[in-house]
Amino acid sequence: MKACIFDLDGVLVDTAKYHFIAWRRLANELGVDFNEHDNEQLKGLSRDASLDVILKKGGVSATLEQRTEWMFNKNEWYLELVHQMNSDEVLPNTKELLADLKANGCKIALGSASKNAVLILERVDIYKYFDAIIDGTKTSKSKPDPEVFLLGAESLGCKPEECIVFEDAISGVQAAKTGGFYAIGIGSEDVLTQADIVFPSLEGLSFEKLNQIKF
Ligand code: BG6
Ligand code: MG
């Protein structure tokens, strides 16, 4: 293991719940029912691709102008919640794990669909741990396409098989596996069925423990 590539929302920070609140608000305004199960399918998808799923579910058609306005509104509601965040919302053991990986010479990249990634990393004070940041401003294909992780590995000068990807989303785990990465699912084994191994959170993980995993 030479490098670790982390998804952001739901892996390092507890922002998945804010995406859910904002998407549900938009869906409800459009008359579309939206529950936690629907949200699971949205995790990891780009803003554009997420809107597609909601519109399809509700059978709603939209002009390009409407799409732009709805995505803008969703992001404003999401950012209102993000601006209330403090560094406590970095998930348990995140800072410790990142520092431990760094101290042991393991490269670290971010592989996130979010266009708000840098803002959030700075807000919770973990930006400094990253050797490379691949986010929604640098990718053109939404997960489950492996583009985001392939760019992450390339930026670190590593091959996919030398990297571990940490993901909480079904689409993200698919992206990692399609790209040839070892995928650690963060969440529930029942949901992240394609991951190589699943942990409920980053708690208890360390450089040493990751090195004991049989790739
Ligand atoms: C992913 C989230 O990390 O980023 C998705 O899992 C979200 O829920 C996507 O839609 C895009 O984020 P943003 O911040 O650019 O709207
Ligand atoms: Mg995520």
To check you understand DSSP bridge types, tell me what percent of the beta bridges within the chain (both residues inside) are antiparallel, rounded to 5.
5
Which of the lysines could a cross-linker span from residue 2 if the Cα-Cα distance has to be under 26 Å and same-chain partners fewer than 8 positions apart are dropped?
95, 102, 107, 128, 138, 141, 143, 159, 177, 209, 214
With a cut-off of at most 16 other beta carbons within 10 Å, and DSSP calling the residue loop, which GluC sites (Glu not before Pro) in region 158-203 qualify? Please list them.
189, 203
Could you work out the equivalent-ellipsoid semi-axes for the chain, taking the square root of 5 times each eigenvalue of the Cα gyration tensor, largest first, in whole Å?
29, 18, 16
Of 62, 16, 183, the most mobile residue in a GNM of the chain (C-alpha springs, cutoff 10 Å) is 62
Can you tell me the relative contact order of region 16-82? Whole percent, Cα pairs under 8 Å, sequence separation 6 or more.
46
Run the numbers on the chain and let me know its relative contact order in percent, using alpha-carbon pairs under 8 Å that are six or more apart.
26
In debye, nearest 20, what is the charge dipole magnitude of region 16-82 about its Cα centre with +1 on Lys and Arg Cβ and -1 on Asp and Glu Cβ, if you could check?
120
Take the Cα coordinates of region 16-82, assign each an equal point scatterer, and use the Debye formula without solvent to give log10 I(q)/I(0) at q = 0.12 Å⁻¹.
-0.25
Computed [θ] at 222 nm, helices only, for the chain once each DSSP H run of length n ≥ 4 contributes -39500 (n - 2.57)
-13000 deg cm²/dmol
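Since every read-out is calculated from the coordinates, none of them should be taken as a lab result. Worth saying up front: this structure is predicted, and the values here are computed from it rather than measured. We place every Cβ from the backbone using ideal geometry, glycine too, and count neighbours over all the protein chains shown.
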